[in-house]
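Everything on this sheet refers to the single structure shown next.
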Amino acid sequence: MAAELGRLLRRGATSGAVVAAAVAALAASQAPGATAPPSDSAGGDRPVGVGDTPSSPDGTATGDSPYYTDLPPLNTPNKPGTSIDLPLVTGPAEAGIPASVLAAYKRAEQSIRTSDPACNLPWQLLAGIGKVESGQARGGRVDANGTTHSPILGPVLNGVGFANISDTDNGAYDGDSTHDRAVGPMQFIPSTWATWGQDANGDGRKDPNNIYDAAQAAGLYLCANNRDLAVKADLDRAILSYNRSTEYLHTVLSWFEYYKRGTHQVPDGTGQLPVDRSDTPRTTTPGRTPAPTTPVTPKPSPSTGTPKPNPSTPTTPPTTPPTTPPVDLPATAKVTRIKDAGTGALTATAGGVFAGRPAVLALDAHGKPVKGLGVRFEIVGSTGANLGGVAKSVTVTTDAAGKAVAPLVRAGEKPGTFTVRATVVGRTLAPVDFAATVVERSADTLVRDDAEKPTATAGERFADRVLVKATLDGAAASGVALTATMITSAEDPTANSKGPYFKDADGNPVRTLTGLTTDANGLLTLPDIYADGETGTFLLRLTAPGGGTVTIELEVTAPAPEPTPTPSPSGSTEATPTP
C-alpha cells in the first residue's frame, strides 16, 4: 500500500483531497510502523498517516501539538512577482513579518540553497509554518540575538487530548522531566531538536527558542529524505511530516501562498498575533467565512423585543489582550540593516593615513535612521594597519542621522589589501565590508647628492661612497625602497657580468642590490663598491617605485706601474722611474 501511495504522489497528486485520501488509505491499511495520531475534534482536525520515515518518537517535528488555525485574509497583498525586498511595503497587517523573524527565514533559505540546492526551500514556507506554529515568535518578541523573551511551550504531551511522549531531555528544553512539550517559535519537541538542532546565529548554542537556530533546523527538517519542495507531492509530505493533519497542511499552504504574493517587515514585537487554535473552539477570522457549525437553538429570553447592544461594552470580548507596541524600542531592536554611507575608495601609501574614513548608516524597517546604535569597525586581514593609530577594532555610536564614522585608518608598511568590516553590536545583521589598499612608498625623482665622480683603481675599493636623494612632487621621499644595478649599458639595463660590484653578507660579489631604503630626509648612502680587474667607464643605475631613476658613471683606472731600478754613476743601484 505504501508503494502504491508513493507512485500516486509521484504521478502528481497535487490536490489536498487526493493527498488526504491517499494518506488516509495508508493509515487504514495498518502498514507496519504506522501509528494513527490523536484526533483534534475541537479544531475540526482530521489525522492522516505517518507519511515519511519518522524523525522523532511519534514521527513529527512537533509531536502533533496544537497550532494556530487563523487563515489569511481574502485580499492578498500584491500580485505575483511584486518585489518583496523593499524596506517597507504598505499592505494588510497580516502580511507584516517582524524584522528579526523575516531575516532568520531568509538566512535559512540562503544557507540551505547552498548546502542542499536540490531541495529548493523557499523562505515563505518557513514563514507559513512559523505563522501557524507560534504567530511568528509571538509577533517577533525576540531579543537582539533572535531569542524569544520567554520560552514558547506547547501543552504537555501526556496523552490527554494530545500525543503521549515521555520525557526525552530531562526537562532541559521544556522544563518538564516527565513528558515532552513542543518548544520555541518553530515548536520542535526535544527529541526532534536533538537530531535537527542548529546553531545558526553563531553563539555556540543550539537553542530551539532562538528564531535563527529554529528556522535553520526547520528548513533542514523539511528538506529531509531528498525532498524537492518545488514538487507539490514533496511539499505536501514535508508539511505533513511537521504535523500529521490535513487541516494543518491546508492552513500552512494558505499562508505559504499568501506570503509568496508579497509581505513587508515590521519592527520586532509588533507583529499581528493569531487568535484561533486547533485545540480551542473556533472564532471568526476577519476576511474568512467561519467553518460550518451545528446550529444551536437559542434559549427563550425572559424579556421581549430585540435587545440593543450596549455601545460601551464590546459584543465579543477579545480572545487575547491587544498587543501594545513598545513606546521606545532599543536601537538594537529597531535596526534592520546597515549600509555604506558613501565612503568611496580607501587607498594610502605605506605608513601613511587613509584620506577616506569608513562610514555606515543604520536604518530601521521604514528606512529611517537609528540613533544610539553601537557599530564595531574592525581591521580584517594580514596587515599592519590600525584604527586611530592604536587599535584593530573600535566601537562607534550612530548619531542622530544614524551615521557611524570610523576613526582615521593608518596604513602599515606592508603593501597589499585588507578589509575594514562594520558590524552591529548585539545584533546579527549582514556586515558592511570596505576594501582598503596600501601602496608602497614611491619617488618620482632620484639625483646624486654629491659632486665627485666615483673613481677607483682596478682591484681596489672606491674611495668615496655614492649618495642619492629621492623626492616625490618636490618633497623628500622617506622610506622608499631603491634598487641598485650595475647595468651592462645605457641601452641594456641587465646586470653586468664584469666591472664594479657590491658584496653580499657573505662577502660574495653581487651586481644588483634591493631593499635599499631612503632615510627620513629622502637620502640613501650606497654600500661600498669594489672594482675587479676590468678598467674603463661603467654604469650604476638606481630605480624607485613611482618612476624615479638615476644613472651614475663609475671610473676604474689601471694601477700605477712598478718602478724599475737603474745603475748610478757610483756603481750603486737606485730605482729610477721608467719613462
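Just the residues that are modelled with pLDDT of 90 or more and not in a strand (DSSP E or B), please, taken from region 451-465. Residues satisfying the conditions are PRO454, ALA458, GLY459, GLU460, PHE462.
Exactly one residue among THR437, THR457, THR428, THR445 is closer than 27 Å to GLY146 by Cβ, surrounded by 14 or more Cβ atoms within 10 Å (Cβ to Cβ) and in contact (Cβ under 8 Å) with a residue 40 or more places away in the chain, and that residue is THR428. Note on region 341-363: among residues that are under 20 Å from PRO545 (Cα atoms) and touching a Lys or Arg at 6+ places or on another chain (Cβ under 6 Å), the one that is surrounded by the most Cβ atoms within 10 Å (Cβ to Cβ) is ALA350. Condition first: modelled with pLDDT under 90 and not small (Gly, Ala, Ser). Now tell me which residues in region 416-428 satisfy that. Result: VAL425, ARG427, THR428. Determine if region 201-216 includes at least one residue that is touching a helix residue (DSSP H, G or I) at 6+ places or on another chain (Cβ under 7 Å), at pLDDT below 90 and on the phi < 0 side of the Ramachandran plot. Yes. As for region 479-490, it holds no residue that is in contact with a helix residue (DSSP H, G or I) (Cβ under 8 Å, 6 or more places away or on another chain), in a strand (DSSP E or B) and of a type in the set (Val, Ile, Thr).
As a summary of the residue check, ILE338 satisfies the conditions (1) crowded, with 21+ Cβ neighbours inside 10 Å; (2) in a loop (DSSP other than H, G, I, E, B) except for the one numbered (2). For GLU94, state whether it is modelled with pLDDT under 90, of a type in the set (Asp, Glu) and in contact with a Phe, Trp or Tyr (Cβ under 8 Å, 6 or more places away or on another chain). Against the criterion (modelled with pLDDT under 90, of a type in the set (Asp, Glu) and in contact with a Phe, Trp or Tyr (Cβ under 8 Å, 6 or more places away or on another chain)), GLU94 qualifies.
Residues in region 547-563 that are surrounded by 11 or more Cβ atoms within 10 Å (Cβ to Cβ) and small (Gly, Ala, Ser): GLY547, GLY548, ALA558.
Residue under question is THR514, and the condition is that it be modelled with pLDDT of 90 or more and surrounded by fewer than 12 Cβ atoms within 10 Å (Cβ to Cβ); does it hold? Yes. Evaluate the following for SER382: is it among the small types (Gly, Ala, Ser), buried (at least 17 other Cβ atoms within 10 Å of the Cβ) and farther than 18 Å from GLY356 by Cα? Considered against the rule, which asks whether it is among the small types (Gly, Ala, Ser), buried (at least 17 other Cβ atoms within 10 Å of the Cβ) and farther than 18 Å from GLY356 by Cα, SER382 comes out as no.
The residues listed here are THR320, THR332; of these, the one that is modelled with pLDDT under 90, assigned to a loop (DSSP other than H, G, I, E, B) and among the polar types (S, T, N, Q) is THR320. When ALA230 is tested against (1) under 14 Å from TYR105 (Cβ atoms); (2) aliphatic (A, V, I, L, M); (3) in contact (Cβ under 8 Å) with a residue 40 or more places away in the chain, just one condition goes unmet, and that condition is (1). Checking each residue in region 511-556 for being part of a loop (DSSP other than H, G, I, E, B) and over 16 Å from GLY479 (Cα atoms) picks out ARG511, PRO527, ASP528, ILE529, ALA531, ASP532, GLY533, GLU534, THR535. In region 176-197, the residue that is surrounded by the most Cβ atoms within 10 Å (Cβ to Cβ) out of those that are among the small types (Gly, Ala, Ser) and touching a residue at least 60 places away in the same chain (Cβ under 8 Å) is ALA182. Considering only residues in region 460-490 that are over 20 Å from GLY548 (Cβ atoms) and without any contact (Cβ under 8 Å) to a residue 60 or more places away in the chain, the one that is surrounded by the fewest Cβ atoms within 10 Å (Cβ to Cβ) turns out to be SER489.
Which of the residues belonging to region 106-117 are outside any loop (DSSP other than H, G, I, E, B) and either closer than 13 Å to LEU220 by Cβ or within 14 Å of the chain's Cα centre (by Cα) (or both)? Listed by number, the residues that qualify are LYS106, ARG107, ALA108, GLU109, GLN110, SER111, ILE112, ARG113, THR114, SER115. Restricted to region 208-220, and to residues there that are over 17 Å from ILE152 (Cα atoms) and either surrounded by 24 or more Cβ atoms within 10 Å (Cβ to Cβ) or of a type in the set (D, E, K, R) (or both), the residue that is farthest from the chain's Cα centre (by Cα) is GLY219.
Out of PHE434, PHE462, which single residue is touching an Asp or Glu at 6+ places or on another chain (Cβ under 8 Å), among the aromatic types (Phe, Trp, Tyr) and not assigned by TED's automatic domain parsing to the domain that holds LEU523? From the options PHE434, PHE462, the qualifying one is PHE434.
The values are calculated or read from the model by the stated rules, or taken from the named source; none is laboratory data. Everything numeric here is computed off the predicted structure, so don't read it as measured data. We place every Cβ from the backbone using ideal geometry, glycine too, and count neighbours over all the protein chains shown.
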